[in-house]
Amino acid sequence: MNSGKSEKTPKIALRHSRIGLRLLLNMLAALVLGVIVYIGVTQLGSWAQNTIIYERLFSEEYKQEMLHDLQNYVTDNGISSSDYMQISVWLSDNIGIGFFYDQRTPDNGDYVIQFADRAVSVVPYVTSNAYDQQITLVAAVLALAAALLIIAPYARRISSDIKHLSGDMALIAGGDLSHEVKLKGKTELAELAQSFDQMRLAIAARMERESEAVRANQELIGALSHDLRTPLTKQSSYLELALSERYKSDAAGMRACVEKASKATGELRERIEELFSYFLVFSGEKGPEPLLEDVDGTQVLARLLGEQAEFLRLRGFSVDCQAVPEGLRLRAYLPGLTRIFDNMTSNILRYADPGREVLTYVVVNGARAFVHFDNCVREDADRREGTNIGCRSAARQAELMGGALRTERTGSRYYAILELPVPGGVEAARPESARGET
């Protein structure tokens, strides 16, 4: 167990480290691009300032203009060469070209100012740096914009993924567990979406199992009710017949009815004792296989079909029970075979038309025997509530014996065919009287 964890943990750690590394590289690329843009814009601004502004400031015409302006200021205010405070006032008000000098500067040169006390040669210099702040601001803004060009798609994708994930979770919270939660890529949000989807699948699977359990319980109750109905009906019918005026003076007939009611009671007891087998059939779990045995198929089927015909006649039905082929051997589970016939009897009682004949016969073809139950459906059969539990239960019992049960409705005619295995194989023809009915 520990080895499994040790193999899985590095993969998870590696995956998350790759995601973190990708994010770090994204941020680093944005930072580098921002720095490059800042330096580039700053250098471009300095070049433009030197080329456009300083070139104009250093022009001879502009120097002479500023020199003339300073001379007027000195003359109008009677400023002496040692009055630096007054000169600084002019420099602060006139951004562009300033003039540097001191008291030791000679009075001859290219640029001379006549102060009140003497003439002084001055040296022009640039005093304007007003555009440096604007260049720095523009460079910072452009650097930030460049960094956002790298970060914005990532942030937009994260925002889109969060919105998409929120919508998916809203659908799941609304009860739509079939909606898949999925995000493209290998981001942390994609990993979170995958976890949510696994949680969705687990919840859906659990709810499906609970629904299957409820369905299995309902089918179990329905199958028990259906399979117990026929023995109870037989029991009550024979007891009612024994207590009727018909057998009031016929002790032998009354005893025969009571014996049949007692037999139905025994069948009911066996059914109740086999509740666990129903649970295995309808829960989908594999229980112990039924014990199949080779039996005299002619005798077993003749007995079951005869009892069915007698009971249906007692309930007012007309039954044509064809003879079972001689020498027939079957490989079957007798309790399960009895339940199949009881289910067929119960379905005939519930849905067949009592005014039309019920036909039963057996056909053998090689290694398979086919028991046919043919009847006409009553007019109000569609209005009778049914769950098809009886046929499903009978079909599963037939499958446990290696056979099958197929049903078909054509117009008002209903056919149920029980297929059973014949050990060794026997060739037999269908009775002549039954051939014209299909």
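The values are calculated or read from the model by the stated rules, or taken from the named source; none is laboratory data. All values derive from a computational prediction rather than experimental measurement. Quick reminder, even Gly has a Cβ in these numbers, built from the backbone with ideal geometry, and neighbours come from all protein chains shown. These area figures cover heavy atoms from the full protein model, side chains too; ligands, DNA and RNA do not enter into them. Shrake-Rupley method; radii C 1.70, N 1.55, O 1.52, S 1.80 Å.
Just the residues that are assigned to a loop (DSSP other than H, G, I, E, B) and either buried (at least 19 other Cβ atoms within 10 Å of the Cβ) or not aliphatic (A, V, I, L, M) (or both), please, taken from segment 342-380. Scanning segment 342-380 gives Asp353, Pro354, Gly355, Arg356, Glu357, Gly366, Arg378, Glu379, Asp380.
Scanning segment 400-425 for residues that are in contact with a Lys or Arg (Cβ under 8 Å, 6 or more places away or on another chain) and among the aromatic types (Phe, Trp, Tyr) yields a single hit, Tyr415.
In segment 98-107, the qualifying residues are those that are in a loop (DSSP other than H, G, I, E, B) and at pLDDT below 70, and the one that is most open to solvent (accessible area, probe 1.4 Å) is Arg104. Taking segment 49-97 on its own, how many of its residues are assigned to a helix (DSSP H, G or I), at pLDDT below 70 and open to solvent by less than 60 Å² (accessible area, probe 1.4 Å)? Here the count works out to 5. Residues in segment 148-179 that are within 27 Å of Met207 (Cα to Cα) and surrounded by 11 or more Cβ atoms within 10 Å (Cβ to Cβ): His164, Leu165, Gly167, Asp168, Met169, Ala170, Leu171, Ile172, Asp176, Leu177, His179.
Tallying residues that are in a helix (DSSP H, G or I) and either of a type in the set (S, T, N, Q) or open to solvent by less than 10 Å² (accessible area, probe 1.4 Å) (or both) within segment 318-341 yields 6. The single residue among Leu291, Leu280, Leu268, Leu301 that is farther than 26 Å from Glu240 by Cα and modelled with pLDDT under 75 turns out to be Leu280. Return the residue satisfying two criteria in turn: it lies in segment 398-417 and is of a type in the set (D, E, K, R) and part of a strand (DSSP E or B), and of such residues it is nearest to Arg356 (Cα to Cα). Looking at residues that are of a type in the set (D, E, K, R) and part of a strand (DSSP E or B), I get Arg413. Please indicate, with yes or no, whether at least one residue in segment 115-138 is more than 30 Å from Leu70 (Cβ to Cβ), surrounded by fewer than 16 Cβ atoms within 10 Å (Cβ to Cβ) and within 39 Å of the chain's Cα centre (by Cα). Checked against the condition, which is being more than 30 Å from Leu70 (Cβ to Cβ), surrounded by fewer than 16 Cβ atoms within 10 Å (Cβ to Cβ) and within 39 Å of the chain's Cα centre (by Cα), segment 115-138 yields no hits at all.
Filtered by the rule that a residue be in contact with a helix residue (DSSP H, G or I) (Cβ under 7 Å, 6 or more places away or on another chain) and farther than 24 Å from Leu292 by Cβ, segment 322-348 gives Gln322, Ser346, Asn347, Ile348.
Of all the listed residues (Leu201, Leu192), the sole one being at pLDDT 80 or above and in a helix (DSSP H, G or I) is Leu201.
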